[in-house]
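The block underneath contains the structure these notes are about, expressed in structure tokens.
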Amino acid sequence: MANSYLWRPYTQMKTAAPPLEAVATEGVRIHLADGRALLDGVSSWWTACHGYNHPHIRAAVERQLAQMPHVMFGGFTHAPAERLAARLCALLPQGLSHVFFTDSGSVAVEVAMKMAVQSWINVGERGRTRFLAFREGYHGDTLGAMSVCDPDEGMHAHFDGWLPRQVFAELPRNAAAEADLDRLMSDRRAELAAVIIEPLIQGAGGMRLHDPGVLATVARLARRHGLLLIADEIFTGFGRTGTFFACEQAEVVPDIVCLSKALTGGVTPLAATIASEEVFARFWSDDPAKALMHGPTFMANALACAAANASLDLFETEPRLAQARALERALRAGLEPCRDLPGVVDVRAKGAVGVVQFAAPVDRETLKRAFVDRGVWVRPFGDIVYLAPALNICMEDLAVLTDAVCSVLEAHAARTLADTRA
Ligand SMILES: *Cc1c(COP(=O)(O)O)cnc(C)c1O
């Protein structure tokens, strides 16, 4: 069934193994055309936070489909978008009160960057067109978003000469790094529009954690130097770190927040960029040139907004945050046996994310095949093997995932040792 008409993500089409054919999803399982089912350890790129095909979301989407799947957002508004925007603002820290809907995480980041740059232009501060970003960060695949990804891991070499040049720093994990960041912001503030950060977990850059204190330091320094703070909660939002938003754990109030991934419970694409009252005020004018210059065709798609509203209902009616916190304990305990394997340098968990990190890049294709053979869907990348399952996965299924990681890695370590001795 491998279809030569399709071009696949991040894939060398000549050498890649053919993809598996999925035919149905239910709960935490992906059913394949050949009759097998895989227990999903990564909730479809971290989106399906309630598992697949939750009846409450499905019913809401079906109702919306019958009534109005989509209407252009230029000139129109509709109840699903109005209601979703109000609910997101009520969940976010006070002051974040203006929601711009788009259709993917990368575009939510692009919009946040355009918002930041244009907000300075609108108040007459020209030249503030760069961003301060952190090493090992990931913010998406479009031009602006790529430019703030880690400069070594983040495709910069692929697109050398085309990407805007940004300013990179280490996260202020210690006093020396904090002093460096303070100096960097002070030196470059005239050209900086904003600081962009993934709060508490740098996801696609390798599931690296930092303490709430580090995030609070970044926010304090940004404030001190008059820089806007963009929190990219695309991965961390909606309970993934154990609180609804990661920023809550540091009591940080960003100027702009980006959301996507689990926003619709993994059912349809949707993203949001939410601005503070102060940022919004810089666009509030009689001058048409000061309007925010962005507007996607499928902005605030009604089906997607209905799915997102239904997903938020589930956060109200089911104990998702408590489940995420319980997962942190279970992931930490379940993956702990990997710590003693040769080549493993760290085992860690935060909320519903569990990570085994190696000293060197893992053999991802071999491992992926071994996981599929065991009936689980786990996708190692870089130097890590990680789990980020649905927040409501039951403890029995979670044990199947952590046991699979432990035994696949154990067999892999034994083979690697045998190879090096041979
Ligand atoms: C996935 C991700 C993005 C990009 O989202 P897409 O929907 O893939 O464009 C941006 N930022 C973070 C933190 C992400 O995890």
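Tabulated data for the structure shown
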read-out: Qualifying positions in the range 69-119 - more than 19 Å from S311 (Cβ to Cβ) and more than 22 Å from the chain's Cα centre (by Cα); value: V71, M72, F73, G74, G75, F76, T77, Q94, G95, V117, Q118, S119
read-out: Every residue from the range 249-269 that is more than 13 Å from the chain's Cα centre (by Cα), within 15 Å of the ligand (Cβ to nearest atom) and aliphatic (A, V, I, L, M); value: I256, V267
read-out: Any hit, the range 332-344, residues being under 21 Å from the mean Cα position of the chain (by Cα), touching a residue at least 40 places away in the same chain (Cβ under 8 Å) and at negative phi; value: no
read-out: Subset of the range 114-138 [within 12 Å of the ligand (Cβ to nearest atom) and either of a type in the set (G, A, S) or in a helix (DSSP H, G or I) (or both)]; value: A133, G137
read-out: Positions within the range 145-163 being at pLDDT 95 or above and either away from the ligand (no atom under 16 Å from the Cβ) or aliphatic (A, V, I, L, M) (or both), in sequence order; value: A145, M146, V148
read-out: Selection status of G265, in contact with an Asp or Glu (Cβ under 6 Å, 6 or more places away or on another chain) and at positive phi; value: no
read-out: In the range 92-109, residue nearest to G140 (Cα to Cα) [restricted to those that are outside any loop (DSSP other than H, G, I, E, B) and within 16 Å of the ligand (Cβ to nearest atom)]; value: S106
read-out: Test: residue in the range 71-91 that is away from the ligand (no atom under 16 Å from the Cβ), in a loop (DSSP other than H, G, I, E, B) and among the charged types (D, E, K, R); value: no
read-out: The range 230-248, residues that are within 9 Å of the ligand (Cβ to nearest atom), in contact with a Cys (Cβ under 8 Å, 6 or more places away or on another chain) and in a loop (DSSP other than H, G, I, E, B); value: E233, I234
read-out: Residue match in the range 174-193 (condition: at pLDDT 95 or above, buried (at least 16 other Cβ atoms within 10 Å of the Cβ) and in a strand (DSSP E or B)); value: yes
read-out: Tally, over the range 98-144, of residues that are farther than 14 Å from D232 by Cα, polar (S, T, N, Q) and buried (at least 17 other Cβ atoms within 10 Å of the Cβ); value: 4
read-out: Out of R320, R240, R220, R282, sole residue that is surrounded by fewer than 17 Cβ atoms within 10 Å (Cβ to Cβ) and not aliphatic (A, V, I, L, M); value: R220
read-out: Selection from the range 363-380 of residues that are buried (at least 16 other Cβ atoms within 10 Å of the Cβ) and touching a residue at least 24 places away in the same chain (Cβ under 8 Å); value: L367, A370, F371, R374, V376, W377, V378
read-out: Enumeration of residues in the range 150-175 that are over 19 Å from A219 (Cβ atoms) and among the hydrophobic types (A, V, I, L, M, F, W, C); value: M155, A157, F159, W162, L163
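The values are calculated or read from the model by the stated rules, or taken from the named source; none is laboratory data. Everything quoted here is computed from the prediction, not taken from an experiment. Glycine also receives a Cβ, built like all others from the backbone with ideal geometry; neighbour counts cover every protein chain displayed.
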